[in-house]
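The structure under discussion appears below in the form of structure tokens.
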Amino acid sequence: MSSFSASAPLLALEASTTAGSVAVWRDGVLVGHESVVMGAGQDDRLFPAIQRLLHEAQVAPRELRGVVCGAGPGSFTSLRIAAALAKGLAHGTGARLFAVPSLLLAAASVEIGPDDAGGRDFAIHADALRGERYVLPIRIFGDGDVAAAGPLARLSAGLLAATVPADRRVGVLGTPFDDETPPVTPQVKHLLRVAGEWREQPVSLDAWEPEYGRLAEAQVKWEERFGMPLPETPPMRT
């Protein structure tokens, strides 16, 4: 399987938070980007944004050679919507599908200053519900590229605050702490700054699912009510 490339027409979408985004590249150049509002009660805005950007960039869907989807963790429903769109586009166009960690996209939004010429280490963190945070150690290089510096973890907000200094924490979208630098959002326009294993080969259209981080709240409530795991839905017969 071939590795990621932005030299051919490329589409990327991200929806791990309420701040979704879509971007299009041609010949390695960003030619369109749009932010969309995600979340419960919102109309589907990802697909119309995809259609609009491809039209404005004069890229026919059949020309796409790569589709990149934010892989989470994050909002269960929004991630499923984005994954379904990405899989459908990849299947329909024959494009390769790549999955980029959403926290790496958020880290790519962190601005670097003159003191960061030699690089900078920090922890990017996002809401995991129930007083917890998804936390990913990050290395940002002097040229602005970012890469994971350790495994993804889920920590209580108290433990994160106690173990990682404020000047080495960056929150996604919002933060429970008042001593950090301003929070960031994962924006796919920064995709080309994100290094890592996700670039090495595409994912399987049949097997890949986003990293939800934890069960959907509806499933948790069901299992608490009935005291048993939610049964898997059997495949429909045709």
*Hey, can you grab everything whose amide H is under 5 Å from the amide H of residue 19? Only 5+ residues off in sequence or another chain; H modelled, so Pro and N-termini drop out.*
38
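Between rounded, prolate and oblate, where does the stretch 33-124 land on the alpha carbon gyration tensor, with a ≥ b ≥ c its root eigenvalues, rounded for a/c under 1.5, else prolate if a/b exceeds b/c?
Prolate, since a/c reaches 1.5 and a/b exceeds b/c.
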*Fewest Cβ neighbours within 10 Å first, please rank 34, 56 accordingly.*
56, 34
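Would you kindly calculate the translational diffusion coefficient of the stretch 93-139, applying Stokes-Einstein with the Kirkwood radius from alpha carbon pairs, for 20 °C and a viscosity of 1.002 mPa s, and quote it in µm² s⁻¹ without decimals?
Rounded, D is 166 µm²/s.
Of all DSSP beta bridges in the stretch 1-107, what percent run antiparallel (nearest 5)?
On the way: 13 of 22 bridges.
Given both bridge residues lie in the stretch 1-107, the antiparallel proportion sits at roughly 60 percent.
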_Order of 36, 146 under a 10 Å beta carbon neighbour criterion, fewest first_ = 36, 146
*asked:* For the chain, take every pair of Cα atoms, bin their distances at 5 Å starting from 0, and report each bin as a whole percent.
replied: 1, 6, 13, 17, 18, 16, 12, 8, 4, 2, 1, 0, 0
_Per q in 0.14, 0.16, 0.18, 0.29 Å⁻¹, report the Debye log10 I(q)/I(0) for the stretch 112-171, using one uniform scatterer on each alpha carbon and no solvent._
-0.40, -0.50, -0.62, -1.19
*Leading residue at positive end of dipole, the chain (Cβ point charges), from 102, 85, 21*: 85
*Starting from the Cα gyration tensor of the stretch 75-153, multiply each eigenvalue by 5, take the square root, and state the resulting semi-axes largest first in whole Å.*
28, 19, 9
*Of 122, 76, 47, how do they rank once you tally other Cβ atoms within 10 Å and put the fewest first?*
47, 76, 122
*asked:* Could you give each residue of the stretch 135-147 its phi-based ³J(HN,Hα) in whole Hz, using Karplus coefficients 6.51, -1.76, 1.60 with θ = phi - 60°, and x for Gly or Pro?
replied: 10, 10, x, 10, 10, 10, 8, x, 8, x, 5, 10, 8
*Net charge dipole size for the stretch 112-171 [Lys, Arg +1 and Asp, Glu -1 on Cβ; Debye, nearest 20]*: 320
*For the chain, what is the percent of antiparallel DSSP beta bridges, rounded to the nearest 5?*
65
_3J(HN,Hα) from dihedral phi, the stretch 3-15, Karplus parametrisation 6.51/-1.76/1.60, rounded to Hz, x for glycine, proline_ = 7, 4, 8, 9, 6, 8, x, 9, 10, 9, 9, 9, 8
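Any read-out appearing in this document is the output of simple, stated calculations on the displayed coordinates, not a laboratory observation. If you're wondering where the values come from, they're calculated on a predicted model, not measured in any experiment. In this analysis, Cβ positions are derived from the backbone assuming ideal geometry, glycine residues included, and neighbour counts consider all displayed protein chains.
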